[in-house]
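Q: Before I ask anything, let me first share the structure, which is written out below as structure tokens.
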Amino acid sequence: MKNKLDLNQLIKTEEEQIKKLHDLVSEAINEQQLISAKLIDVEDEKCITFGQKLSDKIANFGGSWTFIIVFLAVMGLWISLNIFNIFAKAFDPYPFILLNLILSCIAALQAPVIMMSQKRQEEKDRTRAMNDYMINIKAEMEVQNLHRKVDLLIADQMKYLFEIQHRQLEMLQRLEKHFNEHKK
């Protein structure tokens with residue numbers, strides 16, 4: 001009768017251990033869903049406005065070797081046309097005042113457009129950094145959950161092993177007692 005009671009107790013202990021592990025797994029899943037829901041979507045290319053697309057294209061072109069080469073070629077052509085008087089009269093004589101005005105206008109317009117593109121890129125980077133931070137928090141929580149699970153398993157295994165050891169000692173004592181009774 002006692003062995004049947006002990007067996008039922010062991011089964012009940014195992015069921016409690018499984019329930020604790022199930023609770024930990026459920027808690028980890030809930031935490032994962034909370035963090036996953038808080039991840040911020042990085043701006044999709046379909047969601048950006050025409051102005052944002054244009055500023056990105058201008059910034060990409062303005063920061064390329066193609067722009068520098070085209071810019072130098074146009075300036076060289078402009079200066080050549082005005083110095084060598086290919087047409088009857090130079091349309092922008094030597095101090096190239098019109099060229100200076102055009103260059104100033106290009107710089108005045110290009111700088112804010114490039115700054116808009118950089119600002120948008122900075123917002124994307126900030127969003128990505130926040131997502132990375134939340135993913136790191138999630139990973140830390142997963143490690144903590146794993147530690148708790150391992151600690152729980154070790155504690156329950158130790159209890160289980162001590163219980164088995166205790167029962168074995170009881171059985172040995174009964175055997176020794178039985179052996180001593182038959183020896184007499």
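The values are calculated or read from the model by the stated rules, or taken from the named source; none is laboratory data. Being a predicted model, the structure only gives us computed values, none of them experimental. In this analysis, Cβ positions are derived from the backbone assuming ideal geometry, glycine residues included, and neighbour counts consider all displayed protein chains.
Q: Which of the residues spanning the range 47-94 are acidic (Asp, Glu) and within 28 Å of Lys119 (Cβ to Cβ)?
A: Of everything in the range 47-94, just one residue is acidic (Asp, Glu) and within 28 Å of Lys119 (Cβ to Cβ), namely Asp56.
Q: Of the residues Glu163, Glu170, which single one is in a helix (DSSP H, G or I), within 30 Å of Lys20 (Cβ to Cβ), among the acidic types (Asp, Glu) and in contact (Cβ under 8 Å) with a residue 12 or more places away in the chain?
A: Step by step, each of Glu163, Glu170 is checked, and only Glu163 is in a helix (DSSP H, G or I), within 30 Å of Lys20 (Cβ to Cβ), among the acidic types (Asp, Glu) and in contact (Cβ under 8 Å) with a residue 12 or more places away in the chain.
Q: For the range 43-65, enumerate the residues that are among the polar types (S, T, N, Q) and either touching a residue at least 60 places away in the same chain (Cβ under 8 Å) or exposed (fewer than 10 other Cβ atoms within 10 Å of the Cβ) (or both).
A: Thr49, Gln52, Ser55
Q: So if I check each of Leu77, Leu109, Leu98, Leu72, which one is within 30 Å of Cys47 (Cα to Cα), out of contact with any strand residue (DSSP E or B) (no Cβ under 9 Å at 6 or more places or on another chain) and at pLDDT 90 or above?
A: Leu109
Q: May I pose another question? Starting from the range 74-102, keep only residues that are exposed (fewer than 10 other Cβ atoms within 10 Å of the Cβ), then list their pairs with residues that are assigned to a loop (DSSP other than H, G, I, E, B) whose Cβ atoms are within a distance under 9 Å, requiring at least 6 positions of separation or different chains.
A: If the second residue must be assigned to a loop (DSSP other than H, G, I, E, B), the pairs left are Phe84/Ala90.
Q: In the range 103-117, what residues are exposed (fewer than 12 other Cβ atoms within 10 Å of the Cβ) and either touching a His at 6+ places or on another chain (Cβ under 8 Å) or not hydrophobic (A, V, I, L, M, F, W, C) (or both)?
A: Within the range 103-117, Ser104, Pro112 qualify.
Q: Does Glu163 fit the bill of being out of contact with any Phe, Trp or Tyr (no Cβ under 9 Å at 6 or more places or on another chain), charged (D, E, K, R), more than 30 Å from Leu54 (Cα to Cα) and surrounded by fewer than 12 Cβ atoms within 10 Å (Cβ to Cβ)?
A: Judged against the criteria, Glu163 is not a match.
Q: How many of the residues in the range 72-97 are among the hydroxyl-bearing types (Ser, Thr, Tyr) and either touching a Phe, Trp or Tyr at 6+ places or on another chain (Cβ under 8 Å) or part of a loop (DSSP other than H, G, I, E, B) (or both)?
A: Number of matching residues: 1.
Q: Something else about it: Output the number of the condition that Ile102 fails; it satisfies all remaining conditions of (1) assigned to a loop (DSSP other than H, G, I, E, B); (2) among the β-branched types (Val, Ile, Thr); (3) closer than 30 Å to Gly51 by Cα.
A: (1)
Q: A follow-up question, please. Exactly one condition in (1) at pLDDT 75 or above; (2) acidic (Asp, Glu); (3) exposed (fewer than 11 other Cβ atoms within 10 Å of the Cβ); (4) within 30 Å of Ile135 (Cα to Cα) is false for Glu15; which is it?
A: Status for Glu15: all satisfied but (4).
Q: Answer yes if at least one residue in the range 30-45 is of a type outside the set (Gly, Ala, Ser) and at pLDDT 75 or above, and no otherwise.
A: No, the range 30-45 contains no residue that is of a type outside the set (Gly, Ala, Ser) and at pLDDT 75 or above.
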